[in-house]
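Novice: Provided herewith is a single structure, encoded as structure tokens, for subsequent inquiry.
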Amino acid sequence: MISTESDPPAETSSPGPRSPSGQPFVMISVTEPVKMGTGVQSYISYRVITKSNMTEFEGPEKIVIRRYSDFEWLHDKLAEKYKGIFIPPLPEKSAVEKFRFSAEFIEMRRQALDVFINRIASHPVLRKSEDLRTFLLEEEERMERIRSIEAGIFSKKSSDIFQMFKDVQSKVSDVVLGKEKPVEESDPEYEKLKNYIFELENHLAETQKQAFRLVKRHRDLGQSLGDFGKAMKLLGACEGESLGKAFSDLGSKGEILSLKLQKEAHNLLMNFEEPLKDYVRAVQSIKATMADRANAFRQHCELAETTKLKEINLDKLMLMHSERAREAEIDFKESKADSEEATKRFEAIVKTMNEELARFQEQKTADLGLAFHEFAKGQAKLAHDIADAWRGVLPKLEAL
């Protein structure tokens with residue numbers, strides 16, 4: 001939900017388009033994934049529903065159809081325009097073709113895309129983006145046309161991009177060969193932050209890996225209990241009334257517990273492992289912002305150094321009363337203006353990053369706290385159900 005007074009997380013469902021408090025709001029949901037096309041051209045489309053009482057959203061409800069590449073477009077546009085802001089991460093594409101259209105993968109992606117768009121909608125700056133409004137409001141044909149036009153403009157700049165890559169490659173070579181040392185910030189507090197981010201990524205990734213193993217363990221145990229239950233029922237059918245009844249009951253309990261374990265495995269996947277994976281991606285977004293900050297700092301330093309050299313050159317020419325002094329003065333002033341602009345860009349990124357880090361820590365505490373709470377609650381209930389089930393068959397087995 002978007003409110004003009006505060007910044008609560010966006011809601012993903014609502015009984016209607018009116019806010020209980022009457023305050024301006026926006027609610028977005030990504031629903032109804034549908035497979036479109038055939039063969040290699042097939043993809044999943046989603047209904048993106050926006051409900052709002054704000055005039056800029058053109059009515060109480062707007063429904064558009066979007067595909068994953070549209071979400072990518074929005075992410076890339078925001079990353080390009082909003083330096084210093086941690087752009088919410090997108091779910092990754094499936095590298096394995098056979099899983100791309102599985103019901104589980106489609107639901108995980110739908111949920112992740114819902115989280116993605118609502119994080120943008122609840123961000124105090126990103127929610128005002130014209131690109132977000134385009135994504136939420138434009139019809140499919142118009143959206144496709146916008147992307148096609150931008151893709152055409154991008155392709156026309158291919159020679160510039162090629163030159164940029166050559167320049168970057170040259171810079172990297174100079175650093176590796178020792179011709180040039182990389183320009184980096186020496187702020188101790190920022191160094192601590194970078195170390196924290198890298199450690200956080202590693203620990204989150206390891207926790208997510210172990211969460212995935214828990215999901216697999218629940219599934220495997222559920223499958224084994226189901227197979228055990230069927231075998232016990234068949235065994236019970238071969239035995240007499242008393243023994244056969246006890247074995248059949250034991251088999252029934254195994255089948256019931258199999259379903260519970262499979263259900264809990266799904267809950268673990270969607271509500272525990274996926275949130276952890278999402279935060280691994282979120283940390284990678286922070287690292288991308290740190291790379292933007294490093295580039296801004298490098299430009300700030302390089303332009304400051306260039307301006308200093310041009311000022312020295314100008315002083316020399318003026319002392320010599322050179323005819324080139326006027327031209328050098330213009331060049332120096334332009335360089336100084338560029339340097340000041342680069343300094344402002346760097347300082348703006350630093351300020352924005354500090355604000356973003358505070359938001360990130362607050363949101364991380366809430367999200368992961370909820371995920372771990374639900375995990376513990378689910379495990380406690382499962383353990384209780386398993387104990388009750390086996391305890392229930394003990395009297396019959398003891399009476400044999």
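The values are calculated or read from the model by the stated rules, or taken from the named source; none is laboratory data. No experiment lies behind these values; they were computed from the predicted model shown. Heads up, the Cβs are rebuilt from the backbone with ideal geometry, glycines too, and the neighbour counts pull from every protein chain shown. Surface accessibility is based on the protein's heavy atoms, side chains included, excluding ligands, DNA and RNA. Shrake-Rupley method; radii C 1.70, N 1.55, O 1.52, S 1.80 Å.
Novice: Need the full-extension length gain, Glu340 to Glu72, defined as separation in residues times 0.36 nm minus the C-alpha distance. One decimal, nm.
Specialist: Using 0.36 nm per residue and subtracting the Cα-Cα distance, I get 93.1 nm.
Novice: Over the stretch 265-391, with every protein chain in place, what whole percent of the accessible area is carbon and sulfur at 1.4 Å, could you tell me?
Specialist: Numbers: 4160 of 7390 Å².
Carbon and sulfur: 56 percent of the exposed surface of the stretch 265-391.
Novice: Please compute, over every Cα-Cα pair in the stretch 259-298, the percentage with a separation greater than 15 angstrom. Provide the component values of the computation, followed by the final result.
Specialist: Working: 455 of 780 pairs.
In whole percent, the share of Cα-Cα pairs in the stretch 259-298 beyond 15 Å is 58.
Novice: In whole Hz, what ³J(HN,Hα) sequence does the stretch 325-341 give by Karplus (6.51, -1.76, 1.60; θ = phi - 60°), x for Gly and Pro?
Specialist: Karplus-based 3J(HN,Hα) across the stretch 325-341 equals 5, 5, 5, 5, 5, 4, 4, 5, 5, 5, 5, 5, 5, 5, 5, 5, 5 Hz.
Novice: Loop only by DSSP, 14 or fewer other Cβ within 10 Å of the Cβ. Give me the trypsin sites (Lys or Arg not before Pro) in the stretch 282-372 that pass, ordered by residue number.
Specialist: On the way: sites: Lys287, Arg293, Arg298, Lys308, Lys310, Lys316, Arg324, Arg326, Lys333, Lys336, Lys344, Arg345, Lys351, Arg359, Lys364; in loops: Arg324.
The qualifying sites are Arg324.
Novice: P(r) for the stretch 206-365, please, calculated from all Cα pair distances in 5 Å bins and given in %.
Specialist: 2, 8, 10, 8, 7, 7, 7, 6, 6, 5, 5, 5, 4, 4, 4, 3, 3, 2, 2, 1, 1, 1, 0, 0
Novice: Excluding ligands and nucleic acids, what accessible area in Å² is computed for Ile65 using a 1.4 Å probe, to the nearest 10?
Specialist: 60 Å²
Novice: At a Cα cut-off below 18 Å, give the lysines reachable from Lys277, other chains included and same-chain residues fewer than 8 away excluded.
Specialist: Of all the lysines, those that pass the test against Lys277 - Cα under 18 Å, at least 8 places apart if same chain - are Lys93, Lys209, Lys216, Lys287, Lys364.
Novice: Related question: Identify the GluC sites (Glu not before Pro) of the stretch 317-373 meeting these criteria: DSSP loop state and at most 14 other C-beta atoms within 10 Å of the C-beta.
Specialist: Working: sites: Glu323, Glu327, Glu329, Glu334, Glu340, Glu341, Glu347, Glu355, Glu356, Glu362; in loops: Glu323.
Here the GluC sites (Glu not before Pro) that fit, given the DSSP loop and packing criteria, are Glu323.
Novice: Kirkwood-based Rg over Rh for the stretch 293-400 (C-alpha set), two decimals? Can you show the working numbers first?
Specialist: Numbers: Rg = 34.0 Å, Rh = 20.0 Å.
Radius of gyration over Kirkwood radius for the stretch 293-400 works out to 1.70.
Novice: Something else: Which ³J(HN,Hα) values in Hz, rounded to whole numbers, follow from the phi angles of the stretch 108-116 under the Karplus curve 6.51 cos²θ - 1.76 cosθ + 1.60, where θ = phi - 60° and Gly and Pro get x?
Specialist: Taking θ as phi minus 60°, the curve returns 4, 5, 4, 4, 5, 5, 5, 4, 4 Hz for the stretch 108-116.
Novice: Sticking with this structure for a sec: Amide H neighbours of His123 under 5 Å, counting only residues 5+ apart in sequence or on other chains, H built in-plane at 1.01 Å?
Specialist: Residues meeting the amide H criterion: none.
Novice: Hey, can you find the accessible area per residue of the stretch 201-334 for me, probe 1.4 Å, expressed in square angstrom?
Specialist: Accessible area per residue: 58 Å².
Novice: Same structure again: Just add up the charged neighbours of Ser335: K/R +1, D/E -1, any other residue whose Cβ is under 9 Å from the Cβ of Ser335.
Specialist: Working: positive: Lys310, Lys333, Lys336; negative: Glu311, Asp331, Glu334, Asp338.
Local net charge: -1.
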